[in-house]
1. How do the pairs read when you match residues in the stretch 90-103 that are more than 18 Å from residue 71 (Cβ to Cβ) with residues anywhere that are of a type outside the set (A, V, I, L, M, F, W, C) and surrounded by 20 or more Cβ atoms within 10 Å (Cβ to Cβ), using Cβ under 6 Å and keeping only pairs 6 or more apart or on different chains?
2. Look through 101, 60 and report the one residue that is surrounded by 14 or more Cβ atoms within 10 Å (Cβ to Cβ) and either touching a strand residue (DSSP E or B) at 6+ places or on another chain (Cβ under 6 Å) or at pLDDT 90 or above (or both).
3. Somewhere in the stretch 114-125, is a residue modelled with pLDDT of 85 or more, under 24 Å from the mean Cα position of the chain (by Cα) and open to solvent by less than 90 Å² (accessible area, probe 1.4 Å)?
4. Considering only residues that are open to solvent by less than 50 Å² (accessible area, probe 1.4 Å) and among the hydroxyl-bearing types (Ser, Thr, Tyr), look in the stretch 23-57 and name the one that is modelled with the lowest pLDDT.
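The values are calculated or read from the model by the stated rules, or taken from the named source; none is laboratory data. Everything numeric here is computed off the predicted structure, so don't read it as measured data. Backbone-built Cβ (ideal geometry, glycine too); neighbour counts: all protein chains shown. Quick note on the areas: whole protein, heavy atoms, side chains included, nothing else; ligands and nucleic acids left out. Shrake-Rupley method; radii C 1.70, N 1.55, O 1.52, S 1.80 Å.
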Amino acid sequence: MFALSSHRQPFSRSLAVLVLLALAGGLTGCAEMGDTMISAFADPAKYDLYDCKQLETERTRLSSRAAELQGLMAKAETGVAGPVVAELAYRNEYITVRGQTKLAEEAWRRNKCQETKPAAAVPAAPTAPAPPPGVKGVRLPAKSGSAVY
């Protein structure tokens, strides 16, 4: 009976090593996906009917989301099982966002869109005039430097 348990232990270790190697190889393959595979994660017709203003908003959103996901993946990689966590938790969404970004950029070029210039500073709204002397019952709005409107 003792010989039987010692026989199973090497088999279990070698199986565990093979499983870990297969997982590592699979994750490495996902990490090095090319642009052709990236577009498979996004709908190619999604941005066909977008106008330039919608495309500009979407490009900004996608850019910030990609940067956010890169930051989350970098943060996850600092942990003990970081690379695995980063791959499992964030890589699929990151690939999707990159695919959508590529398609939005293609629609942007196809529509010959131009970046809009930032709006000039909007002048401050005029304040309510003070009531004439002798008028009672009119209350002016309170002003506070730290209030949120």
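1. Sorted first by the residue in the stretch 90-103, then by its partner, the pairs are 103/47.
2. The conditions single out 101.
3. Scanning the stretch 114-125, I find no residue that is modelled with pLDDT of 85 or more, under 24 Å from the mean Cα position of the chain (by Cα) and open to solvent by less than 90 Å² (accessible area, probe 1.4 Å), so the answer is no.
4. 39
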